[in-house]
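One structure below.
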Amino acid sequence: MNQKKALALCLGLLLLAGSSAHARQDPDAVEIRTTPIRGGVHMITAAGGNLVAFTGADGILMVDADYAELSERILSAAREVSSQNPELRFLVNTHWHFDHTGGNENFARAGAVLIAHEGVGRLLAEDQVMDAVGGREVPAAPPAGRPTITFNDRMDLALNGDLLHLVHMANAHTDGDLIVHFRDADVIHMGDIFFNGTYPFIDVDNGGNIAGMVRALEEVLAHSGETTLFIPGHGPLADRGDLEAYAGMLETVSDRIHALIQAGKNRDEVIAEKPTADLDEVWGGQGGFMEPDRWVGLVYDGAVRSG
């Protein structure tokens, strides 16, 4: 399955009424792929967002958890690349969405301490309704599937000979996003702040907006180097040029849509202007994750709600 088709499948999953209907249909058919990066950091791709298995003498830290039905296979894949200590120690959630947190409870029962921004803990503790994806109802996570360690701004964690910086990025993809910077490995997991190669989904119902996405990307680019590698929430592993191209696209879209709003155009009029027409072939073409008119509507909604 190519990257754009895989991302289109993820949007389909968001629109389904069940908590993880695709995985329930045939979890064994989902391909689990592990890509070693460097410094003990491995990217794992399954049915949801990209995960990380960070391995070494202190044990395994996972970033994100995918769907519950895939937990056993994902953990097996992580342990296969852990040549020193197969103990599962920590799970970090980059944000609250179910394709990143569905396996939380299983990971916790396997020994992981769950870590997330405090907004993730709040959202997982209550039933949610996502109006931006057709009023999809998301039930509260069971207590064992909620983070036990939360923070507001940033948290540092020394593990496996590296120092991990967990940094909150406010009002970006959601209002509970964080990035995970593996300092010595020089790898950053971006969560869903970064959809490599496509227009992203923005959870405007829970504090997300394009201005916050642009700010987050500016901050990451300012605090990373030419050799830093970036793991997107969805899409292939990226280098600095990939992230700069994505950030430039978001800034262009933001500027255009804000100009139309300031000119007094309403939601339907902004969409009718086709402000992304020259970008759609690259970022929203056939098989892309986010259809252009839907994308423009989400950007408009987030901009209006944030003022």
task = Go through (1) among the hydrophobic types (A, V, I, L, M, F, W, C); (2) open to solvent by 30 Å² or more (accessible area, probe 1.4 Å); (3) touching a Phe, Trp or Tyr at 6+ places or on another chain (Cβ under 8 Å) and name the single condition LEU243 misses.
result = (2)
request  = Report, ordered by the first and then the second residue, all pairs with beta carbons closer than 6 Å, sequence separation of six or more or different chains, a first member in segment 51-77 that is closer than 20 Å to LEU164 by Cβ, and a second member that is buried (at least 22 other Cβ atoms within 10 Å of the Cβ) and among the polar types (S, T, N, Q).
outcome  = GLY56/ASN160; ASP58/ASN160; ASP64/THR94; ALA65/THR101; ALA65/ASN104
ask   = Scanning segment 26-57 for residues that are assigned to a loop (DSSP other than H, G, I, E, B) and charged (D, E, K, R), which turns out modelled with the highest pLDDT?
value = GLU31
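Yes/no per residue for (1) in a helix (DSSP H, G or I); (2) open to solvent by 10 Å² or more (accessible area, probe 1.4 Å); (3) out of contact with any helix residue (DSSP H, G or I) (no Cβ under 9 Å at 6 or more places or on another chain); (4) farther than 16 Å from THR101 by Cβ:
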residue	(1), (2), (3), (4)
ALA141	no, yes, no, no
ALA158	no, yes, yes, yes
PHE201	no, no, no, no
GLY212	yes, no, no, yes
ALA216	yes, no, no, yes
ask   = What pairs can you find where one residue is in segment 114-143 and among the charged types (D, E, K, R), the other is modelled with pLDDT under 90 and open to solvent by 10 Å² or more (accessible area, probe 1.4 Å), and their Cβ atoms are less than 6 Å apart, with a gap of 6+ or different chains?
value = GLU137/VAL129
request  = Quickly run through segment 143-156 and pick out the residues that are open to solvent by 30 Å² or more (accessible area, probe 1.4 Å) and closer than 19 Å to VAL52 by Cβ.
outcome  = ILE149, ARG154, MET155, ASP156
query = Is there a residue in segment 5-25 that is within 18 Å of GLY103 (Cα to Cα), modelled with pLDDT of 80 or more and open to solvent by 10 Å² or more (accessible area, probe 1.4 Å)?
reply = no
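A quick yes/no check of all residues on (1) surrounded by fewer than 23 Cβ atoms within 10 Å (Cβ to Cβ); (2) among the acidic types (Asp, Glu); (3) touching a residue at least 40 places away in the same chain (Cβ under 8 Å):
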position	(1), (2), (3)
ASP239	yes, yes, no
THR252	yes, no, no
ASP255	yes, yes, no
ALA272	yes, no, no
GLU281	yes, yes, no
SER306	yes, no, yes
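The values are calculated or read from the model by the stated rules, or taken from the named source; none is laboratory data. As the structure is a prediction and not an experimental result, all values here were calculated from the model. Note that we place each Cβ from the backbone using ideal geometry, even for glycine, and neighbour counts take in every protein chain shown. Please note that ligands, DNA and RNA were not included when accessible areas were found on the heavy atoms of the full protein model with its side chains. Shrake-Rupley method; radii C 1.70, N 1.55, O 1.52, S 1.80 Å.
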